[in-house]
Amino acid sequence: MKTLAPLCLLVLAVPAAAKPWKNALELSFVSANGNSKTQTTSAKDSFSYDFDALTRLELEGGGLGARSDGRVTAEQYFAQEKLSRKVTDRNYVFEKYRWDRNLFAGILHRHDFSVGFGRELWKTPKDLLIGELAPGYLNEERLGDKRLSFASARAYAKYERSLSETAKFSQDAEYVLSLADARDARMNTETALVAALTTSLSVKNSFVWRHMSRPPAGKRKDDTILSVALIASF
């Protein structure tokens, strides 16, 4: 997709200019030709930087585009940052901001900001379970619909399991509730399996589910993405 070209150039250029950053670039592309012509492209990049043993900055950005028989059928982008600081060996505080754009889901711009508390609930040599609780604020501009703006409550959990020296399983789950309308809730999950090919290349299989209990007019409540991507780590 032409719209993803600038994003790909950006995520490739930043790691070279900022050597202290740890970086993982995730790319996938599917093209089918014959009775139908379809193309799906996605890109995602994750950066992290430890200022010291207690403070970490995480940045992510990505996009997905799909075209079928010359017609765009999906186009979405996101960017987010998270700054966290440990207060004990297992507890930390954080602030997080995320921007989303998904025209086919009726979202022109979504701004989601939260400040909260996190904890490593369970940690072994092979397992890690973290949980986060945070109040926040969400502002959402919808296509052909009214703008939403409200205080929110967010709960998040992530479980990681090391299956072997070269394979890892992870499960994310997020729940965001509007404090202005209890009927307005959002849920996001990702199930992923990552297997290393080399020291710097991996394959990621993932399934993403997103749910909005009160979506924009004429839009469905659920979106899912099933993907296989190549990850390059720097």
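The values are calculated or read from the model by the stated rules, or taken from the named source; none is laboratory data. Quick caveat: nothing in here was measured; it's all calculated off a predicted structure. As a convention, Cβ positions derive from the backbone with ideal geometry for all residues, glycine included, and neighbour counts pool all protein chains shown.
Here are the numbers for the structure shown:
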{"quantity": "Residue count for segment 52-68, restricted to those that are modelled with pLDDT under 95 and surrounded by fewer than 17 Cβ atoms within 10 Å (Cβ to Cβ)", "calculated": "3"}
{"quantity": "Single residue of TYR137, TYR175, TYR159 found to be of a type in the set (Phe, Trp, Tyr), at pLDDT 95 or above and under 19 Å from LYS221 (Cβ atoms)", "calculated": "TYR175"}
{"quantity": "Near pairs, Cβ below 6 angstrom, 6+ apart or cross-chain, from segment 120-137 (assigned by TED's automatic domain parsing to the domain that holds GLN171 and under 16 Å from SER162 (Cα atoms)) to any residue that is of a type in the set (S, T, N, Q) and in a strand (DSSP E or B)", "calculated": "LYS126/SER162"}
{"quantity": "Every residue from segment 69-88 that is over 16 Å from LEU103 (Cα atoms), assigned to a strand (DSSP E or B) and modelled with pLDDT under 90", "calculated": "none"}
{"quantity": "Which numbered condition ALA217 fails, given (1) within 23 Å of THR73 (Cα to Cα); (2) modelled with pLDDT of 95 or more; (3) in contact with an Asp or Glu (Cβ under 9 Å, 6 or more places away or on another chain); (4) loosely packed, with under 14 Cβ neighbours inside 10 Å", "calculated": "(2)"}
{"quantity": "Residue list for segment 169-196, filter: small (Gly, Ala, Ser) and under 16 Å from the mean Cα position of the chain (by Cα)", "calculated": "SER170, ALA173, ALA192"}
{"quantity": "Evaluation of LEU121 against (1) in a strand (DSSP E or B); (2) at pLDDT below 95; (3) loosely packed, with under 14 Cβ neighbours inside 10 Å (one fails), failing number", "calculated": "(2)"}
{"quantity": "Residue within segment 157-168 that is closer than 14 Å to ASP112 by Cβ and either within 20 Å of the chain's Cα centre (by Cα) or outside the structural domain of MET212 (by TED's automatic domain parsing) (or both) present", "calculated": "no"}
{"quantity": "TYR92 vs. criteria without any contact (Cβ under 8 Å) to a residue 60 or more places away in the chain, in the same structural domain as SER178 (by TED's automatic domain parsing) and either surrounded by fewer than 18 Cβ atoms within 10 Å (Cβ to Cβ) or not in a strand (DSSP E or B) (or both)", "calculated": "no"}
{"quantity": "Residue in segment 159-175 that is in contact with a His (Cβ under 9 Å, 6 or more places away or on another chain), closer than 26 Å to PHE94 by Cβ, buried (at least 16 other Cβ atoms within 10 Å of the Cβ) and of a type outside the set (Phe, Trp, Tyr) present", "calculated": "no"}
{"quantity": "Hits in segment 29-46 (condition: over 21 Å from LEU103 (Cα atoms), crowded, with 18+ Cβ neighbours inside 10 Å and either out of contact with any helix residue (DSSP H, G or I) (no Cβ under 7 Å at 6 or more places or on another chain) or free of Cβ contacts under 8 Å to residues at least 12 places away in the same chain (or both))", "calculated": "SER46"}
{"quantity": "Filter pass, TRP99 being without any contact (Cβ under 8 Å) to a residue 40 or more places away in the chain, more than 20 Å from the chain's Cα centre (by Cα) and either not in a strand (DSSP E or B) or not assigned by TED's automatic domain parsing to the domain that holds VAL72 (or both)", "calculated": "no"}
{"quantity": "Hits in segment 40-68 (condition: among the hydrophobic types (A, V, I, L, M, F, W, C) and part of a strand (DSSP E or B))", "calculated": "ALA43, PHE47, LEU57, LEU59, LEU64, ALA66"}
{"quantity": "Subset of segment 224-234 that is surrounded by 15 or more Cβ atoms within 10 Å (Cβ to Cβ) and modelled with pLDDT of 95 or more - its residue that is nearest to ILE107 (Cα to Cα)", "calculated": "ALA229"}
{"quantity": "Subset tally (residues that are surrounded by fewer than 16 Cβ atoms within 10 Å (Cβ to Cβ), of a type in the set (S, T, N, Q) and within 19 Å of the chain's Cα centre (by Cα)) for segment 197-214", "calculated": "1"}
